[in-house]
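Colleague: Mind having a look at this structure? Questions to follow.
The values are calculated or read from the model by the stated rules, or taken from the named source; none is laboratory data. Treat the numbers as computed from the prediction; the structure is a model and nothing was measured. Virtual Cβ from ideal backbone geometry, glycine too; neighbours counted across all protein chains shown.
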Ligand code: HPA
């Protein structure tokens with residue numbers, strides 16, 4: 001059974017059937033929402049809504065340590081994380097889908113490790129390839145099989161949020177090699193690695209990043225809800241085909 005972490009625009013209500021909600025307790029507090037066990041395209045999944053049932057957790061407040069711990073405790077074999085991004089790469093205009101293969105962390109002050117007490121000890125986990133390559137390849141193969149175009153690599157820049165970036169920040173990240181910007185796959189990816197849980201991301205672009213193309217002047221994030229909803233449908237199909 002795989003776990004899905006759904007981001008903005010990806011709720012379980014419409015895509016998961018035969019649902020059963022389970023509250024999982026963790027040493028790191030409550031998860032952002034109960035875990036929904038159910039079927040996606042006939043396959044059993046554990047679904048977790050990253051921003052909470054009512055979208056109450058801002059990106060920097062998502063209880064990622066509790067979320068990943070709870071999924072591990074449920075015995076999932078891997079985590080497919082869905083996230084929205086602003087696109088920097090030309091391939092990632094609104095509606096574009098990407099399976100990133102690299103990540104740069106621009107966040108600060110988040111709880112990014114399980115090894116942060118004398119009792120837990122110190123561990124420097126390998127993070128050379130932050131996304132599980134087999135699981136990412138599986139997503140890409142599924143997309144190819146059903147004919148959904150996806151950008152098959154990409155550097156995911158994780159920003160702190162919740163505000164969007166300045167044009168200069170985006171330009172700096174572009175120079176750093178970033179292809180897309182989001183606010184949530186870190187620290188999830190690192191925490192999953194500490195738990196030895198295969199973790200892959202599938203990202204949907206809902207806007208050009210600040211300063212690029214039609215985002216040269218302003219990004220009206222709330223007005224992007226329609227783009228998000230439509231683009232996420234493609235992601236759901238890819239995830240379904242990958243299970
Ligand atoms: N920046 C950061 N996160 C995002 C964006 C963006 O432009 N769009 C969607 N998530």
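Colleague: Can you find a residue that is more than 10 Å from the ligand (Cβ to nearest atom), modelled with pLDDT of 95 or more and either under 14 Å from the mean Cα position of the chain (by Cα) or crowded, with 19+ Cβ neighbours inside 10 Å (or both) anywhere in the range 221-232?
Modeller: Taking every residue of the range 221-232 in turn, none turns out to be more than 10 Å from the ligand (Cβ to nearest atom), modelled with pLDDT of 95 or more and either under 14 Å from the mean Cα position of the chain (by Cα) or crowded, with 19+ Cβ neighbours inside 10 Å (or both).
Colleague: Could you list, in sequence order, the residues of the range 165-191 that are away from the ligand (no atom under 15 Å from the Cβ) and either crowded, with 16+ Cβ neighbours inside 10 Å or not in a helix (DSSP H, G or I) (or both)? Give the steps one after another, and end with the answer.
Modeller: Within the range 165-191, the first condition is being away from the ligand (no atom under 15 Å from the Cβ), and the residues that meet it are 175, 177, 187, 189-191.
Correct list: 177, 187, 189, 190, 191.
Colleague: From the list 194, 217, exactly one residue is without any contact (Cβ under 8 Å) to a residue 40 or more places away in the chain, more than 22 Å from residue 40 (Cα to Cα) and either surrounded by 20 or more Cβ atoms within 10 Å (Cβ to Cβ) or more than 12 Å from the ligand (Cβ to nearest atom) (or both). Which is it?
Modeller: Of 194, 217, the one residue that is without any contact (Cβ under 8 Å) to a residue 40 or more places away in the chain, more than 22 Å from residue 40 (Cα to Cα) and either surrounded by 20 or more Cβ atoms within 10 Å (Cβ to Cβ) or more than 12 Å from the ligand (Cβ to nearest atom) (or both) is 217.
Colleague: Quick test for you: out of 83, 78, pick the one residue that is in contact with a helix residue (DSSP H, G or I) (Cβ under 6 Å, 6 or more places away or on another chain) and within 16 Å of the ligand (Cβ to nearest atom). Steps first, answer last, please.
Modeller: Details: 78 fails: within 16 Å of the ligand (Cβ to nearest atom).
The unique qualifying residue is 83.
Colleague: Looking only at the range 197-214, which residues are within 11 Å of the ligand (Cβ to nearest atom) and either closer than 29 Å to residue 124 by Cα or part of a strand (DSSP E or B) (or both)? Steps first, please.
Modeller: Within the range 197-214, the subset within 11 Å of the ligand (Cβ to nearest atom) is 203-212.
Passing the criteria: 203, 204, 205, 206, 207, 208.
Colleague: Among 162, 130, which is in a loop (DSSP other than H, G, I, E, B), more than 10 Å from the ligand (Cβ to nearest atom) and at pLDDT 95 or above?
Modeller: Numbers: 162 fails: more than 10 Å from the ligand (Cβ to nearest atom).
So the residue among 162, 130 that is in a loop (DSSP other than H, G, I, E, B), more than 10 Å from the ligand (Cβ to nearest atom) and at pLDDT 95 or above is 130.
A quick yes/no check of all residues on (1) under 24 Å from residue 160 (Cα atoms); (2) modelled with pLDDT under 95:
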residue	(1), (2)
23	no, no
59	yes, no
67	yes, no
70	yes, no
80	yes, no
93	yes, yes
104	yes, no
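Colleague: How about the range 6-28: which of its residues are without any contact (Cβ under 8 Å) to a residue 60 or more places away in the chain and in a strand (DSSP E or B)?
Modeller: Answer for the range 6-28, where residues must be without any contact (Cβ under 8 Å) to a residue 60 or more places away in the chain and in a strand (DSSP E or B): 17, 18, 19, 20, 21, 22.
Colleague: Given 81, 46, 3, 89, which one is touching a strand residue (DSSP E or B) at 6+ places or on another chain (Cβ under 8 Å), surrounded by 14 or more Cβ atoms within 10 Å (Cβ to Cβ) and assigned to a loop (DSSP other than H, G, I, E, B)? Working first, answer last.
Modeller: Details: 81 fails: assigned to a loop (DSSP other than H, G, I, E, B); 46 fails: assigned to a loop (DSSP other than H, G, I, E, B); 3 fails: assigned to a loop (DSSP other than H, G, I, E, B).
Result of the check over 81, 46, 3, 89: 89.
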